[in-house]
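The values are calculated or read from the model by the stated rules, or taken from the named source; none is laboratory data. Just so it is clear, the model here is predicted, and its values are computed rather than measured. A quick note on method: Cβ atoms are made from the backbone with ideal geometry, for glycine too, and the neighbour counts reach across all protein chains shown. Ligands, DNA and RNA are stripped out before the accessible areas are found, and what is left, the full protein with its side chains, is counted by its heavy atoms. Shrake-Rupley method; radii C 1.70, N 1.55, O 1.52, S 1.80 Å.
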Amino acid sequence: MTMPRRRPGRPRRDETRPTREVVLTAATALFAERGFDAVGLREVAAAAGVDVATVAHHTGTKAALYEACFARVFDVERQVLTEAADRARTVLDAGPEAARRALHDLVDVFVDFLQDHPETTALWLRRWLEPQRHAELDQRYAEPLYRLVAELLTAAAAAGALAEPTPHITVRSLVWATHGHVVALAAGVPAARERREFRAYVHRFLTALYGPTG
């Protein structure tokens, strides 16, 4: 049996992954690079190695595809941060030193996640260039993670492990600083050195806020 030939230049779809995952991976990369308006469904289809009808079948409209990309990165990030936050909660009653060390570990997890998934930062930065558009994405896929960590800081303060009057500001500051760290990597800073130095910076930041961990 003769197999149909692919058109010149058309990428072969990754047959080891479900088609929807292949489409979302391609779309996430394109939206992260160009933003919502500059990406069309045909470009996503070409990058995924499928036809436009397949993209529409799995994700619907371009707006639905855009949201699906945020939902996808959110699911992975939520799992990682929830596990780290749960570990931190288990030691809040063990005293300030244990609680502060757990917060250091949580921030390390967040730094590592964004550095290992730079498309997350790029996707969000593109969205935030137009803060009035697609604002519902922040409510669904950013604010829950902000609240997760802010509530952990509030619980730590209630347990007497630290003093934190404005947890939402602390969380926002750390999030934006870490996104900036990822942008610096994209500009060509050596990844291993930058990860080590940025982790050390964040640890100093937390120590200044909450006290020593050594």
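Here's a check for you: in region 1-43, which residue that is in a loop (DSSP other than H, G, I, E, B) and of a type in the set (Ser, Thr, Tyr) is modelled with the highest pLDDT? Only one residue tops the list, namely 16.
Per the conditions (1) open to solvent by less than 40 Å² (accessible area, probe 1.4 Å); (2) more than 24 Å from residue 180 (Cβ to Cβ); (3) not hydroxyl-bearing (Ser, Thr, Tyr), the sole criterion not satisfied by residue 18 is (1).
All told, residue 56 meets the bar of being farther than 22 Å from residue 181 by Cα, open to solvent by 40 Å² or more (accessible area, probe 1.4 Å) and out of contact with any His (no Cβ under 7 Å at 6 or more places or on another chain).
For region 128-153, give me each residue that is closer than 18 Å to residue 75 by Cα and of a type in the set (Lys, Arg). Selection gives 140, 147. Figure legend. Inter-residue proximity from region 189-206: first residues within 18 Å of residue 176 (Cβ to Cβ), second residues open to solvent by less than 70 Å² (accessible area, probe 1.4 Å) and at pLDDT below 90, beta-carbon distance below 8 Å, spacing 6+ or different chains. Indicated pairs: 194/184; 194/185; 203/213; 206/213. Of all residues in region 156-182, those that are over 20 Å from the mean Cα position of the chain (by Cα) and open to solvent by 30 Å² or more (accessible area, probe 1.4 Å) total 7. In this structure, residue 76 does not qualify as surrounded by 16 or more Cβ atoms within 10 Å (Cβ to Cβ) and β-branched (Val, Ile, Thr).
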